[in-house]
Amino acid sequence: MRLQYNYTECNDSMKDIEFKTSNSNWTDDLPSTICWPSIPFIRVSPPMEIAFEYNRLVSNDGSFEYNISNIKYTLTNFQVYSSVDIGQAVVVELAVISQNYSLSNVRVHACLTYGVRPNSWDVNCSSGRPTTSNIENSDASRLFVPFPEAGTWYIRLHTSCCNRLDSKSRAFTCGNPETLIMFRVLSTPCVSQLCGRYGHCEHHTSGGLLFSTCKCLAGWKGWGCTDNSTAKSDSRLIAEVAVLLLSNIFFIPAIVLSAYRNYFSESWVYFATMITSVLFHACDAEVFSHCVLRKDVLQFGDTFLAILSVWFTLVVMSEFSRTFQTCVQVIGAVIIGCIVQYERDGMLVFLLPFSLGLVVLVTSWVIQCHKKRILFYPSAKIWLKSLIPGTALALTGLALFAFFETKDNYPFVHSAWHVLISLSIVFLLPKRKSTSERTEELGSSSALASS
């Protein structure tokens, strides 16, 4: 733990001890050679943390209570170091500790300035950053300075009193010579390590400088995510999450149809795709999110299974034997898993499995044309009823995903992608083969094995 003391020198600006309130002409009658009293601070830097705090020099009990004069200003200062302190926020906490003040409402005023000591005649702290706390407030007032400049910062403290029953709150000289206050200076990431409901605090390193900043959500802006000028309403956020989740129910027809046609592996893949997509989008929501697993795990599963659904569908559409289809599907699943792990957001992860699936499909059709001595396969009826509608839906969904999806329209365009891809499977999934066709496949496989 690193300790460092601060020193407040007495100079001409500190000898000007005239103490004025907004509604009083009272001045201190002490000689001008007396300096303003100062608070003895000690800087405390916890080990392994980029932070600091100023504590009382005379006490190690963690207390931040001080008695300040009611008849003259109190001055103190602290240092902000470059590359160490400037990436955080300086916080000045101030409060009046409740005592027996009868009808008086005691206020303590702080004036924070950078580089130059506050003057006595600048009562309203027009040259710095003011903050005020009074005895009627149960919580301390906090003054935040985000990313402070490196150098010396000064804080001037003084008190004022007014009658609680006076509607005009006219100030007068406090009867007690001193007032007990809570006074604290420290650094903190973001806004006390928080960014409100619509943001979260992040730590970054750039050029050897460690700094913290709020990452705002749902259109909120500002240093503490408090600017709602471009923010989305809660109702819209809920609607966006609902659309993304409910759009996955369009996988149900594909799940039921594939199971009915004895494509159980494909049915399981479609079911897993639907569930994983629901879990990922529930976790990925900006504000109303709920994660059952880590987000990166759900993101991998969502991307992997979506591509795997396309791959399984293209392979099962081919005219190869079921055994050969299963082998190709498993090999492709391993390759797709590696590609998704390497690059999840690029177009290559979608185009490569789609292209290989088309190669497998077209190759099987060419073999069928050669085997059956025909020039066109499948039949025109299958093209019109299944292949053309299914291909149109799949290509439209892929085009929306690749070229039209943006950050602003993501919930709705991505939901359209869910609907189009899931419905395309219903058209593209081939019909269940008859018993004679399956027997012929088994016979061919046995003959190939015996040869």
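The values are calculated or read from the model by the stated rules, or taken from the named source; none is laboratory data. Note that this is a predicted model, so its numbers are computed, not measured. Neighbour counts run over all protein chains shown; Cβ positions are idealised from the backbone, glycine included. Note: areas computed on protein heavy atoms with side chains; ligands, DNA, RNA excluded. Shrake-Rupley method; radii C 1.70, N 1.55, O 1.52, S 1.80 Å.
Quick notes
- Per the conditions (1) modelled with pLDDT of 85 or more; (2) exposed (fewer than 11 other Cβ atoms within 10 Å of the Cβ); (3) farther than 18 Å from Glu319 by Cβ, the sole criterion not satisfied by Lys381 is (3).
- Residue in region 59-77 that is modelled with pLDDT of 80 or more, among the acidic types (Asp, Glu) and in a strand (DSSP E or B) present: yes
- Hey, Tyr81 at pLDDT below 90 and not charged (D, E, K, R) or not: yes
- Which listed residue, of Pro148, Pro130, is closer than 30 Å to Thr205 by Cα and either among the basic types (Lys, Arg) or modelled with pLDDT of 85 or more (or both): Pro148
- A count restricted to region 124-156 and to residues that are under 15 Å from Trp36 (Cα atoms) and open to solvent by 20 Å² or more (accessible area, probe 1.4 Å) stands at 1.
- Subset of region 309-345 [more than 21 Å from Trp365 (Cβ to Cβ), open to solvent by 10 Å² or more (accessible area, probe 1.4 Å) and of a type outside the set (Ser, Thr, Tyr)]: Val330, Ala333, Val334, Ile335, Gly337, Cys338, Ile339, Gln341, Glu343, Arg344, Asp345
- Close contacts from region 252-264, counting a first residue that is assigned to a loop (DSSP other than H, G, I, E, B) and a second that is hydrophobic (A, V, I, L, M, F, W, C) and surrounded by 13 or more Cβ atoms within 10 Å (Cβ to Cβ), with Cβ to Cβ under 8 Å and a gap of 6+ residues or different chains, come to Arg261/Leu429; Tyr263/Val316; Tyr263/Leu429.
- Residues of region 84-100 that turn out to be open to solvent by less than 20 Å² (accessible area, probe 1.4 Å) and modelled with pLDDT under 85, as a count: 0
- Filter result for Phe271 (without any contact (Cβ under 8 Å) to a residue 40 or more places away in the chain, open to solvent by 40 Å² or more (accessible area, probe 1.4 Å) and more than 21 Å from the chain's Cα centre (by Cα)): yes
- Flag for Ala218 being small (Gly, Ala, Ser), touching a Leu at 6+ places or on another chain (Cβ under 9 Å) and part of a helix (DSSP H, G or I): no
- In the condition set (1) within 30 Å of the chain's Cα centre (by Cα); (2) among the aliphatic types (A, V, I, L, M); (3) open to solvent by 70 Å² or more (accessible area, probe 1.4 Å), Leu398 is compliant with all but (3).
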